[in-house]
Amino acid sequence: MKRTRHKRRGGLSRETEALMRMAIGLSESGCRAEDQHWERRLTVAIDDMLRAQDEDGLNAALDTLHAQHPQAYEELADFIESRAECASGISEDHEILLIGAPVLAWSRYKIPASTIVPAVLSNLRVHLQAHIVAENARIALADFLFSPDQLPQGYCATAEFAAALGRAALEGHDLHIATEGLPETAQFLSDTRYLLAAVAVPRGEPLFAWQEEGNNRDSAFTRWRNQGGACLAPIMPGCATEVVLPEAYFAASRNADSHSRPYSIRASVAFLGAELDTPAASLRAVIAPFHDEKLEEYRIGFSVRDREQVVHGVVWPLLGAEDEHSDIPLQIESVLRDCGVTDIVNQEHRFPLEYCDDCGAPMYPSAEGETVHAEMPESHIESTPRHLH
């Protein structure tokens, strides 16, 4: 049952104001003993708000702290995420964690977001247990490969999903996902898919393999990439794929966002090379910053050298604390050069955050300093995605 929210000054509920005070207290703490005091209180308060489905209250606290107290915002955001993904209240004897295993993919065909057949699900479980989770962990998988739009939306929905999958882990079975009502997945040349699982271990024991003696993240990821990634081939036909290290749900999502940016560029260069029979050395890439009220993202327009037409584009969104002072253009240029693209133009003036009025696709920078619609040559328009994700 949803609790009644008592409004306070400034339109904030009593629960939200209390949450902000605790987060500020934690951010200003000077010792571990005081940290533990605020952490205990935050645990109780956040769990109560998640159970009450008080998404608005959680977001109001984050929004206010983001503007007024950035350090407390970071503390609170970390705490809310950790409580949402830990399936609190399911078992007194076990720690439970929702984990994500992201897969980057590109294809000139539709990238699947679909139910995972039992044989593939069984193979994925075997490799997660062998390479990623701790030896004594119980694990349950959701039998669906999620697109970003199909993931739980918000902290409260994530907590509910973690609880359902956590119960399945304790009971020793996987979780069936009813596909009716799931959002449709837009078609992009490059996108991310998510395998979701819950891990349950006796309290105090390791959750991940790299917490155990004789193991580390790098070796675990190498084994997962070489063996677990191969299990995805049957359910992702026609796709080039690259796995990201499976870990706690929100951390995995952030890592996938970060890895997807250079991956989209590599996918673009590979796609254009095959589709237009054009080697990377014959492509031109134009990098430009795009602003709304502030810098929001960089966009890269691709054209064939000595031709004006922009044939494809990639959006490189800013993440975390990145801003106009970050070295994003150098990062993009480094990825392009690694792909073999040497004709690179950096546009330094501000571009408006424009989209096509007809199809909603981003407008991309041209070498002439204009924003234009990315269009493949006429013979390819009907058979290829309009832009890269």
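The values are calculated or read from the model by the stated rules, or taken from the named source; none is laboratory data. Given the structure is predicted, the values throughout are model-derived calculations rather than measurements. Neighbour counts run over all protein chains shown; Cβ positions are idealised from the backbone, glycine included. Heavy atoms of the whole protein, side chains included, go into the accessibility calculation; ligands, DNA and RNA do not. Shrake-Rupley method; radii C 1.70, N 1.55, O 1.52, S 1.80 Å.
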The lone exception for ALA87 - which of (1) in contact with a strand residue (DSSP E or B) (Cβ under 7 Å, 6 or more places away or on another chain); (2) in a helix (DSSP H, G or I) it fails: (2)
Qualifying residues in segment 142-161 (those that are touching a Phe, Trp or Tyr at 6+ places or on another chain (Cβ under 8 Å) and touching a residue at least 60 places away in the same chain (Cβ under 8 Å)) - the one surrounded by the most Cβ atoms within 10 Å (Cβ to Cβ): LEU145
Those residues of segment 173-218 which are of a type in the set (Gly, Ala, Ser) and within 17 Å of the chain's Cα centre (by Cα), in sequence order: ALA186, SER190, ALA197
Qualifying residue in segment 172-190 (condition: closer than 13 Å to ILE90 by Cβ and not in a loop (DSSP other than H, G, I, E, B)): no
Sole residue being among the aliphatic types (A, V, I, L, M), open to solvent by 30 Å² or more (accessible area, probe 1.4 Å) and free of Cβ contacts under 8 Å to residues at least 12 places away in the same chain, chosen from LEU353, LEU276, LEU319, LEU330: LEU330
Every residue from segment 30-73 that is in contact (Cβ under 8 Å) with a residue 24 or more places away in the chain, open to solvent by 50 Å² or more (accessible area, probe 1.4 Å) and more than 22 Å from ALA162 (Cβ to Cβ): GLN71, TYR73
Lone unmet requirement of (1) among the hydroxyl-bearing types (Ser, Thr, Tyr); (2) open to solvent by less than 30 Å² (accessible area, probe 1.4 Å); (3) free of Cβ contacts under 8 Å to residues at least 60 places away in the same chain for THR185: (3)
Which numbered condition HIS94 fails, given (1) open to solvent by 40 Å² or more (accessible area, probe 1.4 Å); (2) closer than 27 Å to ILE177 by Cα: (1)
